[in-house]
1. Kindly identify the range 80-134 as rounded, prolate or oblate by the Cα gyration tensor criterion: order the square roots of the eigenvalues as a ≥ b ≥ c, call it rounded if a/c is under 1.5, otherwise compare a/b with b/c, prolate if a/b is larger, else oblate.
2. Positive end of the dipole of the range 1-111, charges at C-beta (+1 Lys, Arg; -1 Asp, Glu), about the Cα centre: which of LEU29, GLN67, PRO5 has its Cα farthest in that direction?
3. Rolling a 1.4 angstrom probe over the protein chains, ignoring ligands and nucleic acids, what is the accessible area of ARG50 in square angstrom, nearest 10?
4. Using 0.36 nm per residue of separation minus the Cα-Cα distance, give me the extension gain between THR184 and ARG131 in nm, one decimal.
5. Amide H neighbours of VAL33 under 5 Å, counting only residues 5+ apart in sequence or on other chains, H built in-plane at 1.01 Å?
6. Once ligands and nucleic acids are excluded and a 1.4 Å probe is used, how much of MET17 is accessible, expressed in Å² to the nearest 10?
7. So for the range 98-189, averaging the separation of alpha carbon pairs under 8 Å that are six or more residues apart and normalising by length, what relative contact order in percent results?
8. What is the percent carbon and sulfur in the accessible area of the chain, measuring with a 1.4 Å probe over the protein chains and ignoring ligands?
Amino acid sequence: TTPLPPTRKLIADHMIMSKQTSAHVTNLLEVDVTDIVLWRNRIKDEYQKREGEKITYLPVFLEATIQALKEFPMINASVDGDKIIIKKNINLGIAVALPSGNLIVPVIKKADSLNLIGLTKALNTMAANARNNKLSPDDIQGGTFTISNFGTFRNVMGTPIINQPQVAILAIGTVEKKPAVIETSTGDVIGIRHKMFLSLTYDHRIIDGAYGGAFLRKMAAIMESFDAKRTI
């Protein structure tokens, strides 16, 4: 037998408390991210040469998340007793797996004030600090919405537990090539597209299925209308 490490015990207690506090429900959908993939493939080498760091898909997904949260503010909220507190700022927590196997959720404060380059740099700095154990207590506090990137370990989808006192958490699956039906002016054809799953776990005490589902659909619409010719 192996005793539960202190850090793992804290995580376990927080997860159990979340399940006991919130009525968890999960919605999921599949998104066509072909234009995002083509865009990143086109700009990634130039971006790394210019900025000295990599760009992944995640900053684009964060940008879409922020846009959708602005239209669905109840997702960016918390519950205090019988009161719903809608947050003014969007502080995005990104779940990061540490080399030790533990989980930590550093926060990008006021993420809604950052452009795509700002989000990329914040993500890269945050990930490096997490890996090197350089996060400060302030770096992991104040989140208003959390994202768990299951695609990092090539998982298709997931149903994460809400990070209290938040009311929702987004899971991002891996991007895969898939055959898809494409509508054209001369009829439907089968083509190869890059697709991924998004799942939203939300607190059913204050968010119903229609609202949670509409938030996901908005995110998908933003991602699927991404301009592959965009500059950065």
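1. Values: a/c = 3.86, a/b = 1.35, b/c = 2.85.
Note, shape of the range 80-134 comes out oblate.
2. Result: PRO5, furthest along the dipole toward the positive end.
3. 110 Å²
4. On the way: separation 53, 0.36 × 53 = 19.08 nm, distance 4.65 nm.
Answer, rounded to one decimal: 14.4 nm.
5. Here HIS194, LYS195, MET196 satisfy the definition.
6. 70 Å²
7. 22 percent
8. Working: 6570 of 12340 Å².
Whole-percent figure for carbon plus sulfur exposure: 53.
The values are calculated or read from the model by the stated rules, or taken from the named source; none is laboratory data. Because the structure is a prediction, the values reported are computed rather than measured. Neighbour counts are summed over all protein chains in view; Cβ atoms, including those assigned to glycine, are modelled from backbone coordinates with ideal geometry. Areas reflect the complete protein model, heavy atoms only, side chains present, ligands, DNA and RNA absent. Shrake-Rupley method; radii C 1.70, N 1.55, O 1.52, S 1.80 Å.
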